[in-house]
Amino acid sequence: MQFQQLQYFVAVAETRHFTRAAELVHVAQPSLSQQIKALERELGADLFLRARGNITLTDAGEALLPLARRILADADTARYEVQELVQLRSGRVRLGATPSLCTGLLPDVLRAFHDRYPGIQLLIEESGSHDLVRELARGALDLAIIVLPLPPASPALTTVELLREDLVVVSSPEATVPGRGRGGVKISDLEGERLVMFRHGYDLRELTVAACRSAGFEPEFAVEGGEMDAVLGFVRAGLGVAVVPRMVAARSGRGLRVTPLARPGLHRTIALAHRSDVAPPRAARELQRMLLER
């Protein structure tokens with residue numbers, strides 16, 4: 001049974017005329033008649049009673065007609081929904097990002113994407129890079145914005161660098177700036193300072209602790225275990241200082257003093273990643289393009 005044969009059958013059933021049905025489906029009448037006969041042979045039953053000037057459905061034809069109409073309607077629905085996806089009128093993008101990037105990098109890009117493709121649903125997973133890499137590997141995300149380098153034993157991912165971002169020191173306006181140096185805060189100036197520290201699994205935690213240890217001291221924590229918003233809130237309250245991305249500090253609003261780190265400073269490399277063995281859906285590829293062109 002062929003899809004085209006069902007189209008021809010429904011056309012004849014609705015027009016009760018082979019010639020008019022052929023005109024309706026834009027095919028020669030002999031070809032339509034041949035396909036109807038082939039369908040009848042396939043089904044093992046006549047579908048029409050053919051009397052001169054009078055075409056009526058047999059019992060088999062009556063039984064087939066609602067089923068054929070449903071099949072054709074389902075095919076039209078499938079065609080429409082695929083076209084919707086191809087034309088980016090519907091669908092979804094599952095994007096992972098670290099909390100600091102959700103705060104600093106994503107809002108403007110996601111707003112522009114939503115304005116252009118309002119029918120695309122955006123699902124955001126906020127977590128550390130290590131967790132996001134695992135989510136990519138198991139197929140739970142289409143794209144993820146992560147911090148390089150990738151953790152050891154990472155799955156096969158394709159990464160494209162987005163930006164290299166400076167880190168800065170944030171403190172309460174009432175607090176004394178560590179070191180008071182004109183060229184910015186040195187990592188060594190953080191020795192003896194009470195740090196507000198992120199939870200385990202945060203790239204910023206690992207980067208800050210590693211920098212302190214490279215400078216020859218073990219950092220002291222006033223409070224630890226927070227997410228980005230909590231860390232900024234604790235700093236505003238005067239509990240300590242924190243090392244955060246420049247973009248986050250720029251968006252953090254009032255209540256924080258932002259001081260650059262002295263050269264060579266601290267930096268992090270932000271990349272967009274997806275699985276190497278699976279191409280992202282078209283909507284995800286369009287978001288990827290917008291992120292790269294931002």
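The values are calculated or read from the model by the stated rules, or taken from the named source; none is laboratory data. Being a predicted model, the structure only gives us computed values, none of them experimental. Note: ideal-geometry Cβ built from the backbone for every residue, glycine included; neighbour counts use all protein chains shown. These area figures cover heavy atoms from the full protein model, side chains too; ligands, DNA and RNA do not enter into them. Shrake-Rupley method; radii C 1.70, N 1.55, O 1.52, S 1.80 Å.
One table, with the values for the structure above:
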{"item": "Scan of segment 22-42 for residues that are assigned to a helix (DSSP H, G or I), aliphatic (A, V, I, L, M) and buried (at least 16 other Cβ atoms within 10 Å of the Cβ), ordered by number", "result": "Ala22, Leu24, Leu32, Ile36, Leu39"}
{"item": "Qualifying residue in segment 157-178 (condition: small (Gly, Ala, Ser) and either under 25 Å from Leu110 (Cα atoms) or open to solvent by 50 Å² or more (accessible area, probe 1.4 Å) (or both))", "result": "no"}
{"item": "Residue in segment 89-96 that is of a type in the set (D, E, K, R), surrounded by fewer than 19 Cβ atoms within 10 Å (Cβ to Cβ) and either touching a strand residue (DSSP E or B) at 6+ places or on another chain (Cβ under 8 Å) or not in a helix (DSSP H, G or I) (or both) present", "result": "yes"}
{"item": "Residues located in segment 197-216, provided they are under 19 Å from Leu148 (Cβ atoms), charged (D, E, K, R) and modelled with pLDDT of 90 or more", "result": "Arg205"}
{"item": "Residue within segment 98-119 that is hydrophobic (A, V, I, L, M, F, W, C), part of a strand (DSSP E or B) and either more than 16 Å from Ala284 (Cα to Cα) or open to solvent by less than 50 Å² (accessible area, probe 1.4 Å) (or both) present", "result": "no"}
{"item": "In segment 230-259, residue nearest to Val185 (Cα to Cα) [restricted to those that are of a type in the set (Val, Ile, Thr) and touching a residue at least 60 places away in the same chain (Cβ under 8 Å)]", "result": "Thr259"}
{"item": "Candidates Pro264, Pro245, Pro219 - the one that is at pLDDT 90 or above and either over 26 Å from the mean Cα position of the chain (by Cα) or of a type in the set (Gly, Ala, Ser) (or both)", "result": "Pro219"}
{"item": "Tabulated pairs, segment 209-229, first under 15 Å from Gly128 (Cβ atoms), second open to solvent by 50 Å² or more (accessible area, probe 1.4 Å) and of a type in the set (D, E, K, R), C-beta under 6 angstrom, 6+ apart or interchain", "result": "Gly225/Arg199"}
{"item": "Exclusive hit being touching a helix residue (DSSP H, G or I) at 6+ places or on another chain (Cβ under 7 Å) and small (Gly, Ala, Ser), set Gly179, Gly192, Gly184", "result": "Gly179"}
{"item": "Residues of segment 155-171 satisfying the condition of being in a loop (DSSP other than H, G, I, E, B) and not aliphatic (A, V, I, L, M)", "result": "Pro155"}
{"item": "Test result for Asp46, out of contact with any strand residue (DSSP E or B) (no Cβ under 9 Å at 6 or more places or on another chain) and assigned to a helix (DSSP H, G or I)", "result": "no"}
{"item": "Residues that are open to solvent by 50 Å² or more (accessible area, probe 1.4 Å) and either assigned to a loop (DSSP other than H, G, I, E, B) or at pLDDT 90 or above (or both), drawn from segment 127-154", "result": "Arg138, Pro149, Leu150, Pro152, Ala153"}
{"item": "Options Thr19, Thr77, Thr56: the member that is assigned to a strand (DSSP E or B) and open to solvent by 30 Å² or more (accessible area, probe 1.4 Å)", "result": "Thr56"}
